[in-house]
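Trainee: This is the structure I want to talk about, given as structure tokens.
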Amino acid sequence: WDAPGTSSLRFQQDWNPIDRFGIADLVYMEKFPVSLIGLGYRRQRSKRPATLCLFKANAATKAIRVFTDSTEVEACELRLDADAVLNWLLDNDLIDKESVTTISSQNAYDRLQIFMSRDPSIELTVLGLLHTVSHAYIIGLSWCSGMDLPSFSEQLLPGALTTIVHAGDTSLGGLSSVFSQAPWQPLELAAEDLVACQLDPSCSDDDGGACIACIHLPIG
């Protein structure tokens with residue numbers, strides 16, 4: 001938060017999105033460090049037959065060369081509210097109220113961590129929730145900023161209930177404009193438009209909203 005060009009929406013305006021979106025904070029980062037890594041194949045020889053092979057390994061260590069390019073891009077950090085996640089687990093009968101009362105800690109984050117440490121399936125479910133919210137947010141950002149879906153990348157931090165969405169390897173100011181003018185519009189659009197499946201109308205009946213195909217993102 002103290003990095004230059006970083007601002008937290010929670011401390012800038014009246015806070016009410018928790019009731020609707022279960023969001024604890026939304027942060028804009030002007031200069032988020034990203035390392036682009038080239039790890040792949042090259043042409044072994046120019047004349048035919050041309051074959052593909054890994055970048056030449058060091059003969060002594062067998063280490064493969066990895067080419068990197070560090071840059072800074074704009075990003076948005078979205079953090080889920082631990083209380084909202086606990087209520088979501090309760091509403092979906094994934095945990096019961098009695099188990100919640102048996103935990104001595106009154107801190108929602110600590111309670112959630114205890115549930116995830118006790119049951120790996122809860123940990124995977126919370127990860128799936130975070131990943132789904134991340135994809136929904138990216139889809140909403142694409143609609144609001146005019147940027148193509150493949151231009152976005154995400155980094156999930158499950159332990160912090162956080163996803164960081166950054167704009168590929170460039171900073172065109174699209175995320176800055178959305179954050180300053182209509183920070184909640186991406187989530188509002190996603191909440192409205194992803195209720196119905198875009199590929200199969202029956203998904204809204206089967207799954208109660210967008211299916212895994214709708215929420216899937218192309219790889220940029």
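Trainee: Within segment 80-102, can you find the residues that are outside any helix (DSSP H, G or I) and touching a Leu at 6+ places or on another chain (Cβ under 6 Å)?
Mentor: Listed by number, the residues that qualify are L80, I95.
Trainee: Same structure again: With the structure loaded, tell me whether L54 is surrounded by 12 or more Cβ atoms within 10 Å (Cβ to Cβ) and either of a type in the set (F, W, Y) or at pLDDT below 80 (or both) or whether it fails that test.
Mentor: Here the answer is yes, as L54 does meet what is asked.
Trainee: Can you name every residue in segment 144-184 that is open to solvent by 40 Å² or more (accessible area, probe 1.4 Å) and in a strand (DSSP E or B)?
Mentor: Result: S153, E154, Q155, L156, L157.
Trainee: Let me ask something else. Do we find that S145 is modelled with pLDDT of 90 or more and either closer than 21 Å to G174 by Cα or among the β-branched types (V, I, T) (or both) in this structure?
Mentor: No, not satisfied.
Trainee: Could you grab the pairs with beta carbons closer than 9 Å, sequence gap of 6+ or different chains, first residue in segment 173-184 and more than 15 Å from K31 (Cα to Cα), second one open to solvent by less than 20 Å² (accessible area, probe 1.4 Å) and among the β-branched types (V, I, T)?
Mentor: If the second residue must be open to solvent by less than 20 Å² (accessible area, probe 1.4 Å) and among the β-branched types (V, I, T), the pairs left are W184/I23.
Trainee: Which residues, counting only those in segment 103-120, are assigned to a helix (DSSP H, G or I) and either open to solvent by less than 60 Å² (accessible area, probe 1.4 Å) or at pLDDT below 85 (or both)? So that I can check it myself, show each step before the final result.
Mentor: Within segment 103-120, the subset assigned to a helix (DSSP H, G or I) is 108-118, 120.
Those that are assigned to a helix (DSSP H, G or I) and either open to solvent by less than 60 Å² (accessible area, probe 1.4 Å) or at pLDDT below 85 (or both): A108, R111, L112, Q113, I114, F115, M116.
Trainee: Please count how many residues of segment 6-47 are at pLDDT 80 or above and surrounded by fewer than 13 Cβ atoms within 10 Å (Cβ to Cβ). Even if it seems obvious, please write down each step before you answer.
Mentor: Of all residues in segment 6-47, those at pLDDT 80 or above come to 6-8, 21-35.
Pick out the ones that are also surrounded by fewer than 13 Cβ atoms within 10 Å (Cβ to Cβ) and you get 33, 35.
Within segment 6-47, residues that are at pLDDT 80 or above and surrounded by fewer than 13 Cβ atoms within 10 Å (Cβ to Cβ) number 2.
Trainee: Taking S134, is it closer than 22 Å to I212 by Cα and small (G, A, S)?
Mentor: So S134 fits the description; yes.
Trainee: To continue, here is another question. Does segment 143-159 contain at least one residue that is over 25 Å from T71 (Cβ atoms), of a type in the set (D, E, K, R) and free of Cβ contacts under 8 Å to residues at least 24 places away in the same chain?
Mentor: No, every residue in segment 143-159 fails to be over 25 Å from T71 (Cβ atoms), of a type in the set (D, E, K, R) and free of Cβ contacts under 8 Å to residues at least 24 places away in the same chain.
Trainee: Tally time: how many residues in segment 63-79 are of a type in the set (A, V, I, L, M), open to solvent by 20 Å² or more (accessible area, probe 1.4 Å) and assigned to a strand (DSSP E or B)? Can you show your working first?
Mentor: Filtering segment 63-79 down to residues of a type in the set (A, V, I, L, M) leaves 63-64, 66, 73, 75, 78.
Of the ones still in play, those that are also open to solvent by 20 Å² or more (accessible area, probe 1.4 Å) are 63-64, 66.
With the extra rule that they be assigned to a strand (DSSP E or B), the set shrinks to 64.
Going through segment 63-79 one residue at a time, the tally reaches 1.
Trainee: Mind listing just one residue for me: the one in segment 121-132 that is open to solvent by less than 30 Å² (accessible area, probe 1.4 Å) and among the β-branched types (V, I, T) and, of those, nearest to I103 (Cα to Cα)?
Mentor: I122
The values are calculated or read from the model by the stated rules, or taken from the named source; none is laboratory data. Keep in mind that this is a model prediction, so the values were computed, not measured. Cβ sites come from the backbone with ideal geometry, for glycine too, and all protein chains shown count toward neighbours. For accessibility, only protein heavy atoms count, side chains too; no ligands or nucleic acids. Shrake-Rupley method; radii C 1.70, N 1.55, O 1.52, S 1.80 Å.
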